[in-house]
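Written out below as structure tokens is the structure these notes cover.
Readers should treat all values here as calculations from the given coordinates under stated rules, not as data from a laboratory. Computed from a predicted structure; not experimentally measured. Because the Cβ atoms are built from the backbone with ideal geometry, glycine has one as well, and the counts that use them run over all protein chains shown.
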Amino acid sequence: RPPPSSYMRQQPQPVPGSKAGRVPTALRGAQPGQERPVTSNRAAGFPSTSAGKKGFEANLPAGPSGPAPALKAAEETPDVVFKKLEKEINTLLDKSAEAKLAQNNQSALNFAKEAVGKEKKLRTLKEDAGLADQINIDLTYAVCVNLGIQYQANTMYQEALNTYSLVVRNKDYPHSGRLRVNMGNIYYAQQKYTSAIKMYRMALDQMQNIGKHMKFQIMRNIANGFVKMGQYPDAVESYESIMQGEPDHKVAFNLILCYYALGENEKMKKTYTQLLMIEIPGNTQEDEDMQGQEEKGPFANDSLSEYIKEKRREAYKFIIDAGKLIAPVIENNWIAGYEWVAETLRASDYKVLESEIGIFKAEQYIKLKDYEKAIEVFKSFEKKDQSLMARAATNISFLYFIEKDMKNAEKYADIAIKNDRYNAKALVNKGNCLFLKEDFENAKEFYLEAIGVEADCVEAIYNLGLVNKKMEVDLEALQAFEKLQTIMANSPEVMYQMASIYEASRNFKQAIKWYNLLLTTLSSDPGILLRIGQLYAEMGDENQAFHYYEQSYMHYPVSIDAIS
């Protein structure tokens, strides 16, 4: 019987001697009658159809072939969810603080609200899981306080007060009394000074273990509230307590103001003496020597040096302002008062400020038009304080100019310029002297130099316009007055000069425009009304001319020009 592969087929007869007569086997050289049977050409147990599955294939599920399904993620445990939410809340708090620091208050508020929402969600999840004892009250406190701060920064005061109130009423937050200070600041900003003082006092009562500095800061706020309400005796009580514990220049100055309002001359003198005894950071001899060395070194403009300079400038300002305030009232006459202040400064560590008080004394003489005494005081600086010589010489030049002593006015203007070439007022004084000598070209140069030193020096700009007008350079004169108009809007002098320039150039429409603008400031000036009438007469408008002549006559009936 033939092999299965050749079943029912007719086997061809092999040709003797050909390969076709060879038995299909791999065995070669076999003897006749010992041929190897034919083997299958398919692997056992792996049929091509599903019906013949054997072995492990029989256990495989039926269905279409394809990629294996994705593995399912394991569900997060509650602890993981809680930690994730806490991290998100802390991130939002950081973003809110950073936005507030960058002055982006609206974004800071949005982040704060989002943080509050997530914190509420976290609390709800913990309560539902029966873990209410694991609620982080510090995190709740942080998000609520931050929300109140952001409301306050956005001037949403009522919302801020509501938020702070919820926190301070909660017994779980023993340190929430500090928020009373924030609430007091809000009431102070709203000018509700009584409520502000109440909050500040409640803060002091609830914060027993606060530092000394914080305590005196709150007391200063209380005193400031009393000053705003005009209750100076109560303010004095708080300021005096601060001066005994942590004195500073600002508190001393405020105390002097209260004594000034109460008319307490002796207490003003006593407090001024205390003011001069308060030390300035970096004002010791060792610090000054070190600062002098660092001003030329790499630390000349570091933040600490700038802070010390700012504190020194602030202290000097309070001392000078206090001296100017009390000098006219502490003695029987203002001269004796200035002498007392100068003598007190001379005996203190602030000798450098004595000259400042002297200058104010001279200015007082100028107000009283006692120019000789003022010049005498200014001249005293030539021997005592060369650093103030430029300022003194500038004032002396001005006084001589008023008295029409052009020789001495020019002399002291030159001294002032020699001591300080960048003194704009001295340059203007020099230009004025040359202007009166009709040396317009050189006067113009000094005015331009003064403008170069101080771009908004109105005296230099106005005088530059006048000198250009004298030199008949109308375009440059108009440019100067137009610039001055932007600095000093609606100045009568400037509008008059512009109108007169247009009138001189026979541009009557522009001249009338500026005269009318001038009338908005000087509505009853008969001279301006007369001028406008004359311009309308030049233009042939008799009706308008008669109207303005009549208005001028109403304000000044004896004007022959208006009558004629």
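General remarks:
- Between Lys373 and Asn490, the simple label model (points 7 Å from Cα in the Cβ direction) yields a spacing of 3.8 nm.
- 20 Å Cα-Cα reach of Lys95 towards aspartates and glutamates, excluding residues that sit fewer than 8 places from it in its own chain: Glu86, Glu114, Glu119, Asp138
- Each listed q (0.20 Å⁻¹) maps to a log10 I(q)/I(0) for the stretch 299-370, found by the Debye formula over equal Cα scatterers with no solvent: -0.81.
- In this structure, the pairs whose alpha-carbon distance is over 26 Å, taken from Lys469/Lys513; Lys361/Lys404; Lys269/Lys379, are Lys269/Lys379.
- In loop segments of the stretch 403-462 as defined by DSSP, the trypsin sites (Lys or Arg not before Pro) with at most 15 further C-beta atoms inside 10 Å of their C-beta are Lys404, Arg421, Lys437.
- Cα-projected label distance for Tyr422 with Asn209, points at 7 Å along beta-carbon direction, nm: 5.5 nm
- Exceeding the 19 Å Cα-Cα cut-off - candidates Lys87/Lys121; Lys270/Lys324; Lys250/Lys317; Lys418/Lys470; Lys444/Lys470: Lys418/Lys470
- Extension gain from Ala347 to Tyr307, taking 0.36 nm per residue of separation minus the Cα-Cα distance: 11.7 nm
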